[in-house]
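Chemist: Before I ask anything, here is the structure I am working with.
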Amino acid sequence: QVQFVESGGGLVQAGGSLRLSCIVTGSPFISNTIGWYRQAPGKKRDWVAAISSTGTTFYADSMRGRFTISRDDAKNTVYLQISSLKPEDTAVYYCNTLRPDLQPWGQGTQVTVSS
């Protein structure tokens, strides 16, 4: 079973940046497309971006430009770089495959952006 451990969140001022990390264990990491998701307070969880096993990247339309997803296969880790942070980016960020109904979610990492 695939497991996800997210980290790197925190409290930042608007305009700042963060790099989130997701360590993936329990599965051949290299064969998985891994995505980042986020859930703002009182809202449903939304897909943000994904990266395939070959490094092809995909972004939700509203996330293009400020979000960059990358992966380090040697470390079984997927990253999400967020720049020019806005208060509306405040959310818990999670990673999972593109079939999140098949794997349990990790604990997520909280990103809070102050104005």
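The values are calculated or read from the model by the stated rules, or taken from the named source; none is laboratory data. Just so it is clear, the model here is predicted, and its values are computed rather than measured. Here Cβ is always computed from backbone atoms with ideal geometry, including for glycine, and neighbour counts include all displayed protein chains. SASA here: full protein model, heavy atoms, side chains in, ligands and nucleic acids out. Shrake-Rupley method; radii C 1.70, N 1.55, O 1.52, S 1.80 Å.
Chemist: If Ile69 satisfies all but one of (1) open to solvent by 30 Å² or more (accessible area, probe 1.4 Å); (2) without any contact (Cβ under 8 Å) to a residue 60 or more places away in the chain; (3) among the aliphatic types (A, V, I, L, M), what's the number of the condition it fails?
Modeler: Of (1) open to solvent by 30 Å² or more (accessible area, probe 1.4 Å); (2) without any contact (Cβ under 8 Å) to a residue 60 or more places away in the chain; (3) among the aliphatic types (A, V, I, L, M), only one is false for Ile69: (1).
Chemist: Sticking with this structure for a sec: In this structure, does Val92 turn out to be under 14 Å from Val113 (Cα atoms) and crowded, with 16+ Cβ neighbours inside 10 Å?
Modeler: yes
Chemist: Okay, next question. How many residues are touching a residue at least 40 places away in the same chain (Cβ under 8 Å), among the small types (Gly, Ala, Ser) and surrounded by fewer than 16 Cβ atoms within 10 Å (Cβ to Cβ) if we restrict to segment 16-34?
Modeler: 2
Chemist: So which residues in segment 72-115 are of a type in the set (Asp, Glu) and without any contact (Cβ under 8 Å) to a residue 24 or more places away in the chain?
Modeler: Scanning segment 72-115 gives Asp72, Asp101.
Chemist: So which residues in segment 35-59 are surrounded by 13 or more Cβ atoms within 10 Å (Cβ to Cβ) and either more than 23 Å from Leu85 (Cβ to Cβ) or at pLDDT below 95 (or both), if there are any at all?
Modeler: Ser52, Ser53 - these are the residues of segment 35-59 that are surrounded by 13 or more Cβ atoms within 10 Å (Cβ to Cβ) and either more than 23 Å from Leu85 (Cβ to Cβ) or at pLDDT below 95 (or both).
Chemist: Leu102 fails exactly one of the following numbered conditions: (1) open to solvent by less than 70 Å² (accessible area, probe 1.4 Å); (2) modelled with pLDDT under 95. What is the number of that condition?
Modeler: Leu102 satisfies all of (1) open to solvent by less than 70 Å² (accessible area, probe 1.4 Å); (2) modelled with pLDDT under 95 except (1).
Chemist: Scan segment 72-82 for residues that are open to solvent by 40 Å² or more (accessible area, probe 1.4 Å) and either within 11 Å of Val24 (Cα to Cα) or among the aliphatic types (A, V, I, L, M) (or both) and jot them down.
Modeler: Selection gives Asp72, Asp73, Ala74, Lys75, Asn76.
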